[in-house]
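Engineer: Before I ask anything, here is the structure I am working with.
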Amino acid sequence: MTDDAHGIDPVEPAPVDQRDDEAVLDGAGDFTSGEGLVAFAGMVLVAAWIIFGVVANTYWVAWLALVPAIAVVLLPRLDRANVERFHPLPLLMKALGYAITLVGVLTIIEDVRFAGSQLDEVFEVVGALVAYAGFVMAFLGARQIKI
């Protein structure tokens, strides 16, 4: 069956009962959940700090965002029973994800306000965009966590 107006064959989707969702998510790993997305956002922010701050000395991620970013990277790798004695892990990840988001919003406002004196090199802009992506991922992951 072709679409006579455009000359293309439409693709018919497979019926719902014939889809293999497990095969699609098989290689996704830990980053498909909200907690995993917050942890990945923490990894992105730490990597941005190392690459663009420490190595290149162009764009520095704020310490107020870096401390919770390190925490969300380390918390899921600790013994869950020890973490759960303090607070439930999803609650901690959600709170730290929103803390990263709040600092990210303030960082973006500060970068826009002082755009004339900051972000004047290409590598610095790339570092800022990577950090902004980390802030957005932290928000999206924190929003997905159910407590």
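Engineer: Of the residues 101, 107, which is surrounded by 17 or more Cβ atoms within 10 Å (Cβ to Cβ), farther than 20 Å from residue 36 by Cα and in contact with a Phe, Trp or Tyr (Cβ under 8 Å, 6 or more places away or on another chain)? Can you show your working first?
Structural biologist: Details: 101 fails: farther than 20 Å from residue 36 by Cα.
From the options 101, 107, the qualifying one is 107.
Engineer: May I pose another question? Test residue 92 against the criterion of being in a helix (DSSP H, G or I) and within 16 Å of residue 45 (Cα to Cα), and give yes or no.
Structural biologist: Values: in a helix (DSSP H, G or I): yes; within 16 Å of residue 45 (Cα to Cα): no.
No.
Engineer: For residue 140, work out the one condition from (1) open to solvent by 40 Å² or more (accessible area, probe 1.4 Å); (2) modelled with pLDDT under 95 it doesn't fulfil.
Structural biologist: Checking residue 140 against (1) open to solvent by 40 Å² or more (accessible area, probe 1.4 Å); (2) modelled with pLDDT under 95, the one that fails is (2).
Engineer: So, one more: Please enumerate the residues belonging to segment 55-72 that are surrounded by fewer than 18 Cβ atoms within 10 Å (Cβ to Cβ), in a helix (DSSP H, G or I) and within 19 Å of the chain's Cα centre (by Cα).
Structural biologist: Result: 63, 64, 67, 70, 71.
Engineer: Sticking with this one: Any residue in segment 120-147 that is under 14 Å from residue 35 (Cβ atoms) sitting within a Cβ distance under 6 Å of a residue that is surrounded by fewer than 21 Cβ atoms within 10 Å (Cβ to Cβ) and not β-branched (Val, Ile, Thr)? List the pairs, counting only those 6 or more apart or interchain.
Structural biologist: 141/34; 142/98; 144/34; 145/34; 145/90; 147/90; 147/91
Engineer: Separate question: Scan segment 81-117 residue by residue and report those that are among the basic types (Lys, Arg) and either modelled with pLDDT under 95 or over 16 Å from residue 146 (Cα atoms) (or both).
Structural biologist: Residues of segment 81-117 among the basic types (Lys, Arg): 85, 94, 113.
Within segment 81-117, 85, 113 qualify.
Engineer: Same structure, new question: Go through 52, 31 for me and flag whichever is under 29 Å from residue 124 (Cβ atoms), in contact with a Phe, Trp or Tyr (Cβ under 9 Å, 6 or more places away or on another chain), in a helix (DSSP H, G or I) and at pLDDT below 90. Reasoning before the result, please.
Structural biologist: Values: 52 fails: at pLDDT below 90.
Going through 52, 31 in turn, just one is under 29 Å from residue 124 (Cβ atoms), in contact with a Phe, Trp or Tyr (Cβ under 9 Å, 6 or more places away or on another chain), in a helix (DSSP H, G or I) and at pLDDT below 90: 31.
Engineer: Using the structure shown, decide if residue 84 is in a helix (DSSP H, G or I), farther than 15 Å from residue 40 by Cα, among the acidic types (Asp, Glu) and open to solvent by 30 Å² or more (accessible area, probe 1.4 Å). Outline the logic, then answer.
Structural biologist: Numbers: in a helix (DSSP H, G or I): yes; farther than 15 Å from residue 40 by Cα: yes; among the acidic types (Asp, Glu): yes; open to solvent by 30 Å² or more (accessible area, probe 1.4 Å): yes.
Judged against the criteria, residue 84 is a match.
Engineer: Is there a residue in segment 116-130 that is surrounded by 15 or more Cβ atoms within 10 Å (Cβ to Cβ) and within 16 Å of residue 71 (Cβ to Cβ)?
Structural biologist: Taking segment 116-130 as the starting set, the residues that turn out to be surrounded by 15 or more Cβ atoms within 10 Å (Cβ to Cβ) are 118-119, 124-128, 130.
Now restrict to residues that are within 16 Å of residue 71 (Cβ to Cβ): none.
The answer is no; no qualifying residue exists.
The values are calculated or read from the model by the stated rules, or taken from the named source; none is laboratory data. Note that this is a predicted model, so its numbers are computed, not measured. Counting neighbours? That spans all protein chains shown, and the Cβs are built from the backbone with ideal geometry, glycine included. The area values use the complete protein model at the heavy-atom level, side chains included, leaving out ligands, DNA and RNA. Shrake-Rupley method; radii C 1.70, N 1.55, O 1.52, S 1.80 Å.
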